[in-house]
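Reading through the structure tokens given below for one structure.
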Amino acid sequence: MRVTWSAGPQLSFRLDPEDEITGKASDEHPIKLAINSCTIGGVPEDAHPDLYAVAAWTVVAPWTRRRITFDRAISAELAEALHDGWGIEAGPVGAERRRPGARLAISYSGGADSVAAATMYPQAPFVHFRRVNHPRVPNRWPHYRSDVLAELAARTGRELSVVTSDLEYTLAEPRPGYPEHHAVVAGALLLADRLDLGGLGFGYEMGSRWLGGGRYLWRFTPDNPMWAPHGRWGRLFAAAGVHIVLPVGGVSEAVTMRLALGSPLREQVRWCLRGTGGPCRVCGKCLYKELIQAAVERRPLDTPVTRDSPVARKWLKKPPYGGQEMIQYGLARVPGIEDTVFGPVLDYFDVTEESTSWLEHCYPPALGEIPERWRAEAASFVEANVGLMTEDEVRRVETWGT
Ligand SMILES: [Zn+2]
């Protein structure tokens, strides 16, 4: 793989003979390359070469097999992280490594998890990724309202940098998206020198970090390659002086929902990518989040989705489901759930409030993964607003999927 950055900054890349246009992201999801260039706007034209390298890697990693050649020299530490993590020869080598900056920024999407992470660090600046069209790829997904999400982010009153990018259009199938989950911070990485960043906070919660949401469905994942600090991505980001920080990595989506709805940012919370004046209420994500919100608020489900709706079909199938722990949580807590679209799912689980109460507390090792500089603030927030898991509850996490 050969990577070039030009004014824009625009990233273009050329595959080597051994590279393939259908690759796999770190979550094992197969993805096909659509186009070999993208632009990242709202960032300075100059940053440490390791930041350019990591930003490029979040886009090109799935298609790279053996080596990558950057257009500027990287540090030996970064090359080593690429080699250790992926077995990739990276170069040229010749730069001094980047020292971590002093600040933590939140990669802010406006969803409940991201708002909860933001609430834990009231002083942290936001970097918001906004999708824009690619000049050479038709937009067949006009219902995705990135403009609405960017407007909501602007209304939070936080220090905000909006990064605009068409990098999701580098994917041909099944739809535009991040080649690697980490591509959401490609622009934030290029801002790291200007904002003096030493860490980037993501809204990934316990399901994604510890319970194998996605790739390892149904399995405890202490060594999650995407989000563990000792995983390959964690080490790569650290080598560039920008630690991956998961402020809400120890709590479930029930907790992030409760924290987000009780936060000063409540009015700006939005997980739906479709609605303009509010969430659409009929997409799969709205339905899933409504289950969690109803459970947190201990009220009946309030949704226009019926069992005949296409988005309800998923709940007629057998588990496992993505976010299964939250489905169980909802089944145990939403009054009248048996008469809703989730009714059929009750056949597969035997859950009670007691058996799902571990989802209301924080898994302590998650706090231990937050770099020391930012740990105390998270820990005191958790102590005041969430509480730590008991030993029994910790065991529920660590035996998940066995
Ligand atoms: Zn929706």
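The values are calculated or read from the model by the stated rules, or taken from the named source; none is laboratory data. All of these numbers come straight from a predicted model, not from anything done at the bench. Cβ sites come from the backbone with ideal geometry, for glycine too, and all protein chains shown count toward neighbours.
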Quick count over the stretch 1-49, residues being under 22 Å from the mean Cα position of the chain (by Cα), surrounded by 15 or more Cβ atoms within 10 Å (Cβ to Cβ) and assigned to a loop (DSSP other than H, G, I, E, B), is 6
Could you check the stretch 291-304 and list, in sequence order, the residues that are of a type in the set (D, E, K, R) and exposed (fewer than 13 other Cβ atoms within 10 Å of the Cβ)? 298, 302
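Here is a yes/no grid of residues against (1) away from the ligand (no atom under 16 Å from the Cβ); (2) buried (at least 19 other Cβ atoms within 10 Å of the Cβ):
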site: 277; (1), (2): no, no
site: 289; (1), (2): no, yes
site: 306; (1), (2): no, no
site: 310; (1), (2): no, no
site: 316; (1), (2): yes, no
site: 328; (1), (2): yes, yes
Looking at the stretch 280-292, is at least one residue among the hydroxyl-bearing types (Ser, Thr, Tyr), more than 21 Å from residue 378 (Cβ to Cβ) and part of a loop (DSSP other than H, G, I, E, B)? no
In the stretch 339-354, which residues are closer than 16 Å to residue 325 by Cβ and in contact (Cβ under 8 Å) with a residue 24 or more places away in the chain? 342, 345, 348, 349
Exactly one of 3, 54 is within 27 Å of residue 138 (Cβ to Cβ) and at pLDDT 95 or above, and that one is 3
Please find, among 261, 236, 287, 291, the residue that is modelled with pLDDT of 95 or more and in contact with a Ser or Thr (Cβ under 8 Å, 6 or more places away or on another chain). 287
Of all residues in the stretch 170-228, how many are closer than 30 Å to residue 356 by Cβ and in a strand (DSSP E or B)? 1
Subset of the stretch 149-177, residues within 25 Å of residue 265 (Cβ to Cβ), in contact with a Ser or Thr (Cβ under 9 Å, 6 or more places away or on another chain) and crowded, with 21+ Cβ neighbours inside 10 Å, comes to 149, 153, 165
Tell me yes or no: at least one residue of the stretch 144-159 is outside any loop (DSSP other than H, G, I, E, B) and under 26 Å from residue 224 (Cβ atoms). no
Tally the residues that are among the charged types (D, E, K, R) and part of a helix (DSSP H, G or I), restricting the search to the stretch 307-340. 6
Residues of the stretch 254-275 satisfying the condition of being within 16 Å of the ligand (Cβ to nearest atom), among the charged types (D, E, K, R) and over 13 Å from residue 109 (Cβ atoms): 274
Kindly indicate whether residue 285 is within 16 Å of the ligand (Cβ to nearest atom), closer than 25 Å to residue 185 by Cα and touching a Leu at 6+ places or on another chain (Cβ under 9 Å). yes
